[in-house]
Amino acid sequence: MRNPRVVLITGASSGIGEALALEYADRGVFLALSGRDSARLDRVGQRCKAKGADVETRVLDVTDANAMEFWITGLAARRPLDLVIANAGISAGTGGGGESEEQARHVFSVNLGGVLNTLYPTIEVMLAQTDTKDGQRGQIAVMSSLAGFRGFPGAPAYCASKAAVKIHGEALRGELHHLGIGVTVICPGYVRSRMTEKNKFSMPLLMNSPRAARIIRRGLARNRARIAFPWRMYFLAWLFASLPPGLIDPLLRRLPKKDAQENGPK
């Protein structure tokens, strides 16, 4: 959607979510922003207001399905939603002792469950919207990752959760197309954020979050199916996914590992 006037973003208190909020902030734009840290979220809201946007913030945990449904349906009753970006996510890996069941379940509950808790109330309210822009009832973007193209031993649950978001989003795009709802899957590489600042290893082609937000906005304006960047990392992710496991596994086992603790949000 080229010029969305009502934009909802989860995980908006830092990183890519914050950068997207600031990217879309403008006069005549209403931003609905959620996050877990009230102080950081308030600061983002104030910066967006300084750019002329009308802003409403809500401290929410995306794993709370009832709270997410209540928030989204309440907003849509007042303002038809043009663009919803399911961005909230966390990262954790196997560094320092492996990945516990508890950690894996928590990563899935945020990265996948949080997306589902955002998606389904959004789909319901968008289907009820009769006004269209650019031929659409609304547009949804889900935050996957280049790590979702292939499982990496250093972050099993993170990779798997992002792969699930990617495949689910791609399938939904086809399912919802004829209903007038656009779906885009976003697959970033390394982006400078609170999540990546805790990584103790080199991050190739590390990008700042404002630049990532500009790339995402351009892709969403064109209703692209997938926004994956930077292109060299995208190619490597695709290549790793294409090569036989017997060939690529020995290399992947040598890669550095994420800390075995929550890093996030983005």
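Under the condition of being among the β-branched types (Val, Ile, Thr) and within 13 Å of the chain's Cα centre (by Cα), the residues counted in the range 151-183 number 2.
Examine the range 107-121 for a residue that is at pLDDT 95 or above, over 23 Å from residue 20 (Cβ atoms) and not aliphatic (A, V, I, L, M), and state whether such a residue exists.
Within the range 107-121, the first condition is being at pLDDT 95 or above, and the residues that meet it are 107-121.
Among the residues that remain, those that are also over 23 Å from residue 20 (Cβ atoms) are: 108.
Filter once more, keeping what is not aliphatic (A, V, I, L, M): 108.
So far as the range 107-121 goes, yes, one or more of its residues are at pLDDT 95 or above, over 23 Å from residue 20 (Cβ atoms) and not aliphatic (A, V, I, L, M).
Candidates are the residues of the range 112-132 that are polar (S, T, N, Q) and assigned to a loop (DSSP other than H, G, I, E, B); the one that is nearest to residue 76 (Cα to Cα) is 129.
When we screen 79, 58 for residues that are free of Cβ contacts under 8 Å to residues at least 60 places away in the same chain and of a type outside the set (Val, Ile, Thr), the only hit is 58. Among the residues of the range 26-85, those that are more than 22 Å from residue 108 (Cβ to Cβ), assigned to a strand (DSSP E or B) and in contact with a strand residue (DSSP E or B) (Cβ under 6 Å, 6 or more places away or on another chain) comprise 30, 31, 32, 33, 54, 55, 56, 57, 58, 83.
With respect to residue 221, is the statement that it is modelled with pLDDT of 90 or more and touching a helix residue (DSSP H, G or I) at 6+ places or on another chain (Cβ under 6 Å) true? Steps first, please.
Working: modelled with pLDDT of 90 or more: yes; touching a helix residue (DSSP H, G or I) at 6+ places or on another chain (Cβ under 6 Å): no.
No: the conditions fail for residue 221.
Of all the residues in the range 60-111, those that are within 15 Å of residue 125 (Cβ to Cβ) and among the charged types (D, E, K, R) number 4.
Looking across the range 224-266 at every residue that is modelled with pLDDT under 95 and of a type in the set (Gly, Ala, Ser), the one that is surrounded by the fewest Cβ atoms within 10 Å (Cβ to Cβ) is identified as 246.
Of all residues being among the hydroxyl-bearing types (Ser, Thr, Tyr) and modelled with pLDDT under 95 in the range 162-206, which is farthest from residue 241 (Cα to Cα)? Just the residue, please.
Filtering first and then ranking leaves 193.
Condition first: basic (Lys, Arg) and buried (at least 23 other Cβ atoms within 10 Å of the Cβ). Now tell me which residues in the range 155-195 satisfy that.
Residues satisfying the conditions are 162, 166.
For the range 4-18, the candidate set comprises residues that are hydroxyl-bearing (Ser, Thr, Tyr) and within 12 Å of residue 44 (Cα to Cα); within that set, the residue that is modelled with the highest pLDDT is 13. Pairs linking a residue in the range 233-254 that is more than 11 Å from residue 146 (Cβ to Cβ) to a residue that is surrounded by 10 or more Cβ atoms within 10 Å (Cβ to Cβ) and aromatic (Phe, Trp, Tyr), with Cβ atoms under 6 Å and 6 or more positions apart or on different chains, are 248/240; 252/152.
The values are calculated or read from the model by the stated rules, or taken from the named source; none is laboratory data. Owing to the predicted nature of the structure, the values given are computational and were not obtained by experimental measurement. Don't worry about glycine lacking a Cβ; one is built from the backbone with ideal geometry, like all the others, and counts go over all protein chains shown.
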